[in-house]
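Visitor: One structure coming up, written as structure tokens, with questions to follow.
The values are calculated or read from the model by the stated rules, or taken from the named source; none is laboratory data. For clarity, every value in this text was computed on a predicted model and none was experimentally measured. Here Cβ is always computed from backbone atoms with ideal geometry, including for glycine, and neighbour counts include all displayed protein chains.
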Amino acid sequence: MVDALSQVGELPLVLLMGVLGVVMLFDAVPLLGVLVPGDVAILAAVGVGGAATGAATFASVVGGCLAGWSLSFLVGRRWGDHLRRSRIGDWIGEARWTAAEGILRQGGGRMVLVAPFLPVFNALLPLAAGGLRMSYRRFLVCATGGAAAWAGLYLVLGTASRSLAGLLPGDPSPMLVTMAVGLLLAGAVLMGTRRRLGMMTGAG
């Protein structure tokens with residue numbers, strides 16, 4: 001896997017960032033977001049390219065997220081009710097859909113801002129926001145702030161992980177250290193947000 005990622009790192013920067021942007025777009029789409037590990041993709045990009053690609057990685061992540069979330073928002077606004085009754089709605093689950101609406105009704109734009117840090121719901125909240133007729137301007141402002149904060153967190157984490165790799169004995173691969181830290185963080189975020197969401201949806 002490390003060898004494969006190293007080969008990816010040899011791709012032209014424009015192509016590499018384009019691939020990252022597409023990955024982030026898929027990560028922002030319901031159902032597909034469960035299968036595409038966006039956080040790991042950011043860490044991999046930092047691990048492959050290092051600090052030199054930080055600005056480009058940040059722009060690709062934010063752009064890809066906003067494209068995917070905007071698409072979900074517009075689909076929710078136009079076809080939300082139909083989609084909810086379709087097979088896709090069955091796959092998402094009525095309980096998750098209702099929970100997403102409850103979260104938005106309680107927190108509004110603030111919940112769109114923190115959506116990137118909510119596993120599973122990060123892809124569903126934009127769809128629900130469109131269905132609830134939230135102003136797209138308000139949605140976009142909050143989504144931009146959330147995407148920027150999320151991308152910044154993982155860029156800092158990836159950069160710190162590469163630095164840590166140079167301090168560890170045995171000269172471990174920066175890529176392996178970065179991916180290991182990323183998996184640990186993803187697990188911590190998942191457990192924390194599950195508890196928080198359980199409290200919120202239970203209260204609603």
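Visitor: Could you tell me whether any residue of the range 120-128 is more than 19 Å from P37 (Cα to Cα) and over 21 Å from the mean Cα position of the chain (by Cα)?
Guide: No: the range 120-128 contains no residue that is more than 19 Å from P37 (Cα to Cα) and over 21 Å from the mean Cα position of the chain (by Cα).
Visitor: Which is closer than 30 Å to I88 by Cα, at pLDDT 75 or above and aliphatic (A, V, I, L, M), of V34, V62?
Guide: It is V62.
Visitor: Exactly one of (1) under 28 Å from Y154 (Cα atoms); (2) assigned to a helix (DSSP H, G or I); (3) at pLDDT below 85 is unmet by L113. Its number?
Guide: Exception for L113: condition (3).
Visitor: Still on this structure, please answer the following. What is the number of the single condition among (1) assigned to a helix (DSSP H, G or I); (2) in contact (Cβ under 8 Å) with a residue 12 or more places away in the chain that A95 does not meet?
Guide: Going through the list (1) assigned to a helix (DSSP H, G or I); (2) in contact (Cβ under 8 Å) with a residue 12 or more places away in the chain, A95 breaks only (2).
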